[in-house]
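A.B. asks: Take this structure first; my questions come after.
The values are calculated or read from the model by the stated rules, or taken from the named source; none is laboratory data. Owing to the predicted nature of the structure, the values given are computational and were not obtained by experimental measurement. Neighbour counts run over all protein chains shown; Cβ positions are idealised from the backbone, glycine included.
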Amino acid sequence: MFIKKFALPALVSAVVALVAGGVYAVNATPANITVCAAKSNGAMRYSASGGCKSAKETKLLLGQQGPAGPAGPVGPAGATGPAGATGAAGSMTTQSSFEIKTSSYTLALTDAGKFIYSRSSPTLVIPNNSAVAF
């Protein structure tokens with residue numbers, strides 16, 4: 001009975017302690033690590049103090065983000081994608097055309113539905129009280 005009564009609170013306390021310890025460990029990790037490189041042979045050593053012992057060493061900070069570099073070259077074109085689905089069948093229509101060859105043209109009822117074009121800039125006259133949608 002004694003074990004059952006205190007087992008759940010002990011388990012909860014242990015889980016809370018582990019989570020809190022993990023959060024502390026993550027937040028306590030330094031953002032930068034200092035190493036010192038020997039100028040004579042390049043051998044490196046970790047520096048807990050953040051500084052090098054002599055002028056014979058070069059201080060290096062690891063874990064820093066440098067400035068952005070220039071943009072790289074444009075990559076090659078990708079492969080051709082798969083063919084798309086076949087579209088719905090369209091309706092076939094015929095349309096007559098008419099070229100205006102004069103400097104002025106008055107639209108008539110027979111022009112409805114026609115493709116009217118000109119190679120110059122004629123004046124188009126739409127009759128008064130026209131009941132046809134040209």
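A.B. asks: Quick one: residue 89 ticks every box in (1) surrounded by 10 or more Cβ atoms within 10 Å (Cβ to Cβ); (2) modelled with pLDDT under 90; (3) of a type in the set (A, V, I, L, M, F, W, C) bar one, so which box is it?
C.D. replies: The single condition residue 89 does not satisfy is (1).
A.B. asks: Any residue in the range 68-97 that's free of Cβ contacts under 8 Å to residues at least 60 places away in the same chain: show its pairings with residues that are part of a loop (DSSP other than H, G, I, E, B) at Cβ separation under 9 Å, as long as the two are six or more apart or on different chains.
C.D. replies: From residues that are free of Cβ contacts under 8 Å to residues at least 60 places away in the same chain, the pairs are 95/113; 95/114; 96/113; 96/114; 97/114.
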